[in-house]
Amino acid sequence: MKTKIDGTWFEFFHHSKVEGQYWNPQCRSFTEAQWRQMLDCIASSGMEYIVLMCSSLCYSDYAESYFPGGPYPFPEDMVCKNPMEVLMDETSRLGLKVFMSCGFYGDWTKARENMRDTDVRNRAFDAMERLNRLYGDYPSFYGWYLPDEIGIDGNFPQFFIDYVNDYRTYIRSLTPDKPLLIAPYGVAKIKFDEGFVEQLKSIDCEFIAYQDGVGIANGCVEIAEEAFRNLKAAHDAAGRSKLWADMEVFRFEGAAYRSALIPADPARISAQLAAISPYVEKILIYQYQGNLEHILTSNSTDFANTKCI
């Protein structure tokens, strides 16, 4: 059985301030050396992929970018003044592969609107060109990630497929050799019918890492297992995108979406690995920062090894 965690999401600041309240202060105060140390810890645990959640972060009344020349100001209270360069330099040194974020270039709480907003798209495309110009020569720049995600209710809405394909067309013109990753949620609501398979055939995307939903629901490992079994059958039939998993290693401290994210119990994470691993090629987690790092450094589980004690 596959028990290896292949990668993690990564962020310079967690978009939901209530969810990230326990590690967002660290993100602001980390020095360059501390960011590098965190990446070293991720690599030492055996992971291969880093998925950057956002290269910019936009709220309804405020926005910030994490690279020079971005569409928004760099956050003045961030101690490390070159976090994107640190990420790309250190991951290149460590042999990690980074999926560069294409967002958030519109209010992150309005994903559906962002997918159809031409201003958001144009702002993202301009930023992607800038990011490629700045960091495209780093060996770790592996691919792109679309952080404006969507829930699947039965099947994908057509506007989501159009959104993915539109960005993929631009990515192909900008960086022909770099793949695209998406991470939709709602696996428990998918209608695994011929229509869903046809949609998978039409989505121009190399990797789909479905969120397993276990962290959101604080349980339901059995539902995730059934969903990924069905997803494997659907992806095998479609023969296009690779099936990956976005495994949630957190739980909510209180009400879902209205309280802090905290580490899940190691036994639950082991159960998730056992349930999902037979069906997917890669397992990514959300996320090392603030969640798995505390489990690994406590030596409380055996599904990864770490030197960062």
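How much of the DSSP beta bridge set in the chain is antiparallel, as a percent to the nearest 5? It would help to have the intermediate numbers written out before the result.
Numbers: 7 of 36 bridges.
Rounded to the nearest five, the antiparallel share is 20 percent.
Which percent of the accessible area of segment 174-251 is formed by carbon and sulfur heavy atoms (probe 1.4 angstrom)? Walk me through the intermediate numbers first.
Values: 1510 of 3120 Å².
It is 48 percent, rounded to a whole number.
Between Arg240 and Asp126, what is 0.36 nm times their sequence separation minus the Cα-Cα distance? Round to one decimal in nm.
On the way: separation 114, 0.36 × 114 = 41.04 nm, distance 2.84 nm.
Extra length from Arg240 to Asp126 when fully extended: 38.2 nm.
Mean projection of the alpha-carbon convex hull of segment 129-277 over all orientations, in nm²? Working shown, then result.
Numbers: hull surface 40.2 nm².
Hull-based average projected area comes out at 10.0 nm².
Quick one: of Lys189/Lys242; Lys81/Lys201; Lys81/Lys282; Lys110/Lys282; Lys110/Lys191; Lys81/Lys178, which pairs are farther than 31 Å apart, Cα to Cα?
Table pairs above 31 Å Cα-Cα are Lys81/Lys201; Lys81/Lys282.
Short version: what are the Cα gyration tensor semi-axes of segment 51-200, square root of 5 times each eigenvalue, largest first, in whole Å? List each step's numbers first, then the result.
Details: eigenvalues 152, 67, 39 Å².
With the √(5λ) rule applied to segment 51-200, the semi-axes are 28, 18, 14 Å.
Using a 10 angstrom cutoff on alpha carbons, build the Gaussian network for the chain and name the most mobile of Tyr138, Tyr62, Tyr286.
Most flexible of the set in this elastic network: Tyr62.
FRET efficiency for Arg133 and Glu32, Cβ-Cβ distance as r, R0 = 22 Å, nearest 0.05?
Rounded to the nearest 0.05, the efficiency is 0.50.
Under the rule of -39500 (n - 2.57) per DSSP H run of 4 or more residues, summed and divided by the residues of the chain, what mean residue ellipticity at 222 nm is obtained, to the nearest 500 deg cm²/dmol? Mind showing how you got there, number by number?
On the way: 11 runs with 119 residues, N = 309.
Calculated at 222 nm, the ellipticity per residue is -11500 deg cm²/dmol.
Give me the net charge of Gly151's neighbourhood, meaning all other residues with Cβ under 11 Å from the Cβ of Gly151; Lys, Arg count +1, Asp, Glu -1.
Values: positive: Arg112, Lys189; negative: Glu149, Asp153.
Overall, the nearby charge balance is 0.
If I take the Cα coordinates of segment 62-133 and project them onto the principal axes, what are the three extents in Å, biggest first?
Result for segment 62-133: principal-axis Cα extents of 38, 28, 22 Å.
Between Pro73, Pro184, Pro147, find the one with the highest GNM mean-square fluctuation for the chain; connect C-alpha pairs within less than 10 Å.
Highest fluctuation of the listed residues: Pro73.
³J(HN,Hα) across segment 8-17 via Karplus (A = 6.51, B = -1.76, C = 1.60, θ = phi - 60°), whole Hz, x for Gly/Pro?
Whole-Hz 3J(HN,Hα) from phi for segment 8-17: 8, 6, 8, 8, 8, 6, 7, 4, 8, 5.
Please report, in Å, the Rg and the Dmax of segment 1-72, where both are computed over Cα atoms only.
For segment 1-72, the Cα radius of gyration and maximum Cα-Cα distance read 14.2, 47 Å.
Please identify which residues in segment 57-90 have an amide N closer than 11 Å to a label point set 7 Å out from the Cα of Lys110, following the Cα→Cβ vector.
Of the residues in segment 57-90, 59-61 have backbone N under 11 Å from the label point off Lys110.
Hey, in the GNM for the chain with a 10 angstrom Cα cutoff, which one of Pro139, Pro278, Pro176 fluctuates hardest?
Looking only at Pro139, Pro278, Pro176, the largest GNM fluctuation is found for Pro176.
Full-extension gain between Gln21 and Glu198, please, as 0.36 nm times their residue separation minus the C-alpha to C-alpha distance.
Numbers: separation 177, 0.36 × 177 = 63.72 nm, distance 4.09 nm.
Extending this stretch completely gives an extra 59.6 nm.
Which value, in Å², gives the accessible area per residue of segment 1-67 when a 1.4 Å probe is used on the protein heavy atoms?
On the way: 2270 Å² over 67 residues.
For segment 1-67, the solvent-accessible area averages 34 Å² per residue.
Please report the carbon-and-sulfur percent of the accessible area for segment 76-158; probe 1.4 Å, protein heavy atoms only, DNA, RNA and ligands left out. Can you show the working numbers first?
Working: 1470 of 3540 Å².
Looking at segment 76-158 in its full context, I get 41 percent from C and S.
Using Cα pairs closer than 8 Å and at least 6 residues apart in sequence, work out the relative contact order for the chain, in percent.
Working: 607 pairs, mean separation 63.0, N = 309.
20 percent.
For segment 186-297, calculate the relative contact order in percent as a whole number, restricting contacts to Cα pairs under 8 Å that are 6 or more residues apart. If you can, show how the numbers build up before the last one.
Numbers: 176 pairs, mean separation 32.6, N = 112.
Normalised by residue count, the contact order of segment 186-297 is 29 percent.
The values are calculated or read from the model by the stated rules, or taken from the named source; none is laboratory data. As the structure is a computational prediction, the values presented were derived from the model and not from experiment. All Cβ positions, glycine included, derive from the backbone under ideal geometry; neighbour counts span all protein chains shown. Note: accessible area is taken over every heavy atom of the protein model, side chains too, but ligands, DNA and RNA are not part of it. Shrake-Rupley method; radii C 1.70, N 1.55, O 1.52, S 1.80 Å.
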